[in-house]
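Quick notes on the structure that follows.
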Amino acid sequence: MKLTETKLQGCYILEPTKYGDSRGYFFESFNERVFQQISGTSIHFVQDNQSFSTKGVLRGLHAQTGEYAQAKLVRVLQGEVLDVAVDARKDSPTFGQYEAVRLSAENNLQLFIPRGFLHGFVVLSDTAEFFYKCDNFYHKESECGVKFDDPDLRIDWELPHEELIISDKDEMLPFFSQTFQ
């Protein structure tokens, strides 16, 4: 597994080693021991989630706070997304900055997002199946989020605004400065 550091402290792109032959391919998508060795980060995942979405669906930006904060390891099983992590840790040197990575079934890249980050993605292909591991259980009362088109974050979602499909709940989220400053 290859680990690439992003500009955000503690946020990594992971690329598994893929073995292929005439029968198809095999790769180990996650190994806790290897991840700890190459990243220096100890993590234990307790919940897996999966979603299916069509082109233009934007989910985010979401997080959980306090004792229910979650680190995530995300990847795409089918299709392609633009995945975005925003550093919302007030004591971080990269507070308020974001990283955007194209994840697809073809490139097999994964993004590790530490606790204290907002997360979201937009589907770039006709459909996408999105899979993520979490190191803490879902807790509805600890949900928080930031509006996807926050003018201070200036995230380029790579699709025109009129092509985005946003849930009513996500449309009502506050701006970053209202939540984290």
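The table below lists the values:
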read-out	value
Single unsatisfied condition, Gly66 versus (1) touching a Phe, Trp or Tyr at 6+ places or on another chain (Cβ under 9 Å); (2) at positive phi; (3) loosely packed, with under 14 Cβ neighbours inside 10 Å	(1)
Complete set of residues in segment 60-76 that are out of contact with any His (no Cβ under 9 Å at 6 or more places or on another chain) and assigned to a strand (DSSP E or B)	Leu73, Arg75, Val76
Selection status of Thr54, surrounded by fewer than 16 Cβ atoms within 10 Å (Cβ to Cβ), modelled with pLDDT of 95 or more and among the β-branched types (Val, Ile, Thr)	yes
So Asp48, is it assigned to a strand (DSSP E or B), modelled with pLDDT of 95 or more, of a type outside the set (S, T, N, Q) and surrounded by fewer than 13 Cβ atoms within 10 Å (Cβ to Cβ)	yes
Single residue of segment 83-94 satisfying the filter (assigned to a loop (DSSP other than H, G, I, E, B) and touching a residue at least 60 places away in the same chain (Cβ under 8 Å)) that is nearest to the chain's Cα centre (by Cα)	Ala88
Unique match (being without any contact (Cβ under 8 Å) to a residue 60 or more places away in the chain and crowded, with 17+ Cβ neighbours inside 10 Å) among Glu99, Glu106, Glu80	Glu80
Within segment 14-33, tally of residues that are within 20 Å of Leu3 (Cα to Cα) and either out of contact with any Pro (no Cβ under 8 Å at 6 or more places or on another chain) or not hydroxyl-bearing (Ser, Thr, Tyr) (or both)	13
Residue list for segment 2-27, filter: assigned to a strand (DSSP E or B) and over 28 Å from Pro114 (Cβ atoms)	Tyr19, Gly20, Asp21, Gly24, Tyr25, Phe26
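The values are calculated or read from the model by the stated rules, or taken from the named source; none is laboratory data. Predicted model only: the values in this text are computed from it and were never measured. FYI the Cβ positions are ideal-geometry reconstructions off the backbone, even for glycines, and counts take in every protein chain you see.
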